[in-house]
Amino acid sequence: MIHMKRFFKIALTLALLVMTAQASAQMTRGQLLRKYYQITQLHNSGKDAEAIALCEEITAMYPKLPDTYLRMAQIYDDAGEQELALVMYRTYVSLEMDDKKLSEVTPRMKELEKKLEVKSFEEQEQEQFDQLMAETAQTETVSTSATITTSATSLFDLSALVASANTKEPEPEPEEQEPLLVQAQPEPEPEPEPEPEPEPEPEITRDIQQQADNMVEKASATEVKPDCSTPYLFSPHPDVVNELRLKRDAQYTAKVTPKRSFESKSDLIGRWASSVFSEETGREFIIIDIEQMGSSLSAMLDEESGLFLDKKNSMFKSSWNAVKSIWSSDGADFDATELIGSAIRGDFSEESFDFTFALRKKDKPNVATIGRDVMDGLSLFIPFGALASRVGSTLLNYASRKISNEKFQTTINFSLKSVTANVLACSYIVSERHTTADGTRDKVIEERSFHMFRVPDKYKPYTYSSNIQENALYRAMYTKLEQETANDPDKLFPLAYMSYYGAGIGKKADDLDRLTKAIVQMQKLADLGCIRASAWLIPVYYNLSIDEKHYPMRMQRKKFRELSDSHMSTMLMAYNPYVYGLNGDILASGNSDPEEIAAEYDKGAQQGDAYSLYCLGKAYKEGVIKSRDLDKSLECFRQAALKGYADAYWQIALAYKSGLGVASDYNKYIHSLIEAIDAGSIEAIDELSVAYYWGIGVERDIDMAQQVRRSYFYVKNNVWRDVLTLYGFPSI
C-alpha cells in the first residue's frame with residue numbers, strides 16, 4: 001500500500017496545481033509548443049525538476065489540458081516516482097476523451113494500479129457513477145458500454161445528466177416536465193441572504209393571448225422560411241445601419257492625429273471616461289474629472305464611476321461606495337467616500353500627469369464585530385448556542401487584540417499620457433503596504449492599462465442590463481409556439497433560441513433550465529434531419545464534455561463527446577463541409593497539432609465552406625496554425641465574404657484600418673463595416689463604436705459611440721429576437 005507520506009506529497013502537488021491555476025496569464029499556441037519542446041529537452045537531459053516546473057506552469061494556465069499531465073506522468077514514471085506517476089496518469093485519463101490516445105496509456109496505468117495495490121480507475125469511477133444514479137433515484141444502472149442514441153429522451157435517460165447533489169429539497173414536478181441539466185457535484189456555497197420578493201409573473205390577458213396567436217399565425221403564413229440545410233445562422237439587423245447614421249455613398253476619411261506630449265495643463269482639463277467597461281452592464285470602469293487649482297492640476301473620481309464594480313468582497317452586500325474591502329487580501333475596512341469626490345493634486349509634466357489616491361484603512365479588520373454577529377445568529381438555531389456564541393466571541397476578541405498592531409494602507413497610482421488631443425493612455429497600479437511589528441511589506445495587488453476619452457462635462461454613463469425583460473406577450477407567444485411545434489417542427493429552432501436566452505419561459509427558470517430546454521428542443525429538430533440544429537448542438541455538447549467541474553466523471557463527459565461526434569457524423573454523411581470548420585475549432589480548443597487543425601480548415605475551404613475559409617484566414621493572419629501570410633489571409637476573408645459570412649467583412653475592415661496586407665484606407669474600413677453589419681456581424685457593431693470613440697473614418701462623436709455600444713449590447717444579448725425575425729415574426 002502507498003505510504004501515508006506519499007499521500008500527503010501527492011495531495012500537496014495537486015493542491016499546488018489548483019492554487020497556481022487561479023491567477024495566471026495565458027500564452028499563445030506558439031509559446032505553448034515551445035514549452036513542450038523545452039520540457040522534452042530538459043527531461044532528455046536529466047533535468048526533471050525543471051521539466052516538472054514547466055509542466056506546472058502550463059497547468060496553471062491550462063488546467064484542463066490533458067497532454068501536460070501525461071508528460072508529468074511519464075517524467076515521474078521514468079524517475080521511479082510511481083505513486084505520483086499514477087496520480088498524473090489518472091488525471092490525464094479523466095481529461096482525455098480520445099480513446100485511441102488512451103489505449104496507449106491505460107496498460108501502464110493498470111500495471112501501476114496492480115503493483116501499488118489500489119483500486120482501478122474504472123472501478124472507482126463506476127462506483128461513483130452508481131452512487132450518482134442511486135442519488136438521482138434512477139432505477140437502472142448505466143454501464144460504460146451503453147449505446148448512445150441521438151433521441152431527445154435517451155439523452156437524459158442514458159447520460160446521467162439529471163439532478164444529483166442538489167442542496168435544496170426537490171420541489172414536486174408536474175408530469176411530463178422536461179428533465180433538468182444540473183451540476184453533478186456542486187461546490188458548497190455560503191448561506192445566502194434573504195432575497196427580495198420576486199416580481200410576479202406577467203399576467204397573460206385574453207387580448208395578449210390573441211395578439212400572440214396572431215403573431216404565430218402570421219409567421220406561419222410567411223413564405224420566407226430559412227433553409228434548414230444551412231448550418232450557420234446570421235442575425236439580420238434591420239435598419240441598424242441607418243440608425244447608426246451611416247450612408248453607403250458617403251466618403252469616410254477622418255484621421256486620428258497623434259499628440260504624444262502635453263503642451264500645457266489645459267490639455268487635461270475636463271471630464272474623461274475610460275474605454276474599459278463591464279460586460280454585464282456596459283458601465284464605464286472609471287470616470288475622472290481634472291481641474292486646475294491655481295498653478296496645480298487636481299483629479300477627482302466621479303461619483304458615477306464604476307471603478308469597484310468588479311471587485312466586490314462577497315462578505316459585504318452593500319453598494320460599492322459603502323464601507324467594504326475591495327482589493328485588500330486582509331479584509332480590513334476603509335471608507336470609500338474618502339475616495340469619491342476628493343480632489344487629489346498630481347504631478348504634471350510634458351510626458352505625463354501622475355496622481356495617487358490613498359485609502360486610509362482602519363488599524364485592524366473588524367473581525368470581532370463580524371464574528372459576534374455570526375455567533376449571535378447561530379445561537380438562535382443551535383442547541384447550547386448561547387454558550388457557543390460566548391466562547392466564539394472570546395476567541396474572536398483574542399484574535400482581534402493579537403492583530404491590533406497591524407496596519408494596512410492601499411494606494412491607487414494613476415499615470416496619464418497623451419495619445420491624441422482627445423485620448424489619453426491610462427495605467428494604474430493598486431498596491432498595499434502592510435505594517436506589523438516585524439516591519440513593512442509592500443505588494444502589488446493589480447496593474448491595468450487602458451485608454452480614456454474626453455467627454456462633455458454633463459456626460460453621464462449609461463447602464464445596460466443584459467437580463468431579458470420578459471413580458472406577458474413573449475410568455476404567451478412561447479406557450480403558443482410550443483403547441484405549434486407538434487404540427488410544424490421548424491418552429492423548434494426559434495423556440496430553442498428563446499429557451500437558451502430565457503425569453504418567455506418564466507422568471508423562475510435558471511440557466512440550467514434554459515440550457516436543458518434548448519438542448520431538448522434542438523435535439524428533436526436534429527432528429528428530424530435539420531443540419532442547422534446539428535451544427536448548433538456540436539459545440540454545445542463538446543463544451544459539456546470538457547466541463548469536469550460540473551461533470552467530474554469521465555463517463556459522463558464521454559457521453560457528451562459521443563453525442564457531439566454523432567452530430568458531426570450526421571453532417572459528414574450529408575456532405576456539409578461546415579463540419580470541417582467546427583472540427584478544426586474543436587481541435588484548436590484542445591491544443592492539438594497545428595498541422596492537424598489546419599488540415600481540417602483546408603478541407604472545408606476546398607469544398608467552399610464560408611466558415612472554414614474564415615478560420616483559414618484567421619490562421620494565416622495570426623501565424624500560429626499556418627505560416628503568417630497577410631495576402632492569403634485577406635484572400636480567404638474575401639472569399640468567405642462573397643459567400644455571405646458576416647465576420648469576414650469585419651476582418652477585411654480591420655485590415656484596411658491597420659494596413660495589414662493592404663494599404664490603410666479609412667473609407668474602405670467604414671464601408672466594410674457597413675457590409676459586415678448588413679450581413680449580421682455583431683463584432684462589426686462593436687468595432688464601429690471604437691471608430692466613433694477615436695474618430696477613425698467617421699468624425700469623432702462620443703455620444704454616437706455610446707449609442708453604437710448600446711446597439712452592440714442589445715444585439716449581442718437578444719439574438720433570439722433576430723432569429724424570430726428570420727422566421728417571420730415581427731419585431732416588438
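Odds and ends about this structure:
- Estimated FRET transfer efficiency when R0 is 41 angstrom, pair GLN41-LYS115 (beta carbons, to 0.05): 0.85
- Per-residue extension of 0.36 nm, minus the Cα-Cα distance of ARG448 and ASN487, leaves a gain of 8.5 nm for this segment.
- For GLU303 and ASP354, the FRET efficiency from 1/(1 + (r/R0)^6), where r spans their Cβ atoms and R0 equals 22 Å, is about 0.45.
- Highest average packing first - 541-549, 624-632, 482-490, Cβ atoms within 10 Å: 541-549, 624-632, 482-490
- Near ALA653: Cβ cut-off under 15 Å, other residues only, Lys/Arg at +1 and Asp/Glu at -1. The net charge is -1.
- Once both labels are positioned 7 Å from their Cα atoms along Cα-to-Cβ, the gap between SER295 and THR230 label points is 6.9 nm.
- Neighbourhood charge, 12 Å Cβ-Cβ cut-off, centred on ILE429 and excluding it, Lys, Arg +1 and Asp, Glu -1: -3
- Taking every alpha-carbon pair in the range 646-732 and binning the separations at 10 Å intervals from zero gives 19, 44, 27, 9, 1 percent.
- Cut-off 20 Å (backbone N to label point 7 Å along Cα→Cβ of ALA79), residues of the range 94-114: 109, 112-113
- Computed E for LEU33/ARG108 - FRET, C-beta separation, R0 30 angstrom, nearest 0.05: 0.75
- Projected label distance in nm at GLN606 and GLU56, using a 7 Å step from Cα toward the beta-carbon: 4.6
- Entries in LYS35/LYS115; LYS491/LYS643; LYS603/LYS643; LYS218/LYS491 that, when Cα-Cα distance is taken, lie over 22 Å: LYS35/LYS115; LYS491/LYS643
We did not get these values from a lab; they are worked out from the coordinates using the rules stated. In this text the structure is predicted, and so the values were computed from the model without any measurement. Counting neighbours? That spans all protein chains shown, and the Cβs are built from the backbone with ideal geometry, glycine included.
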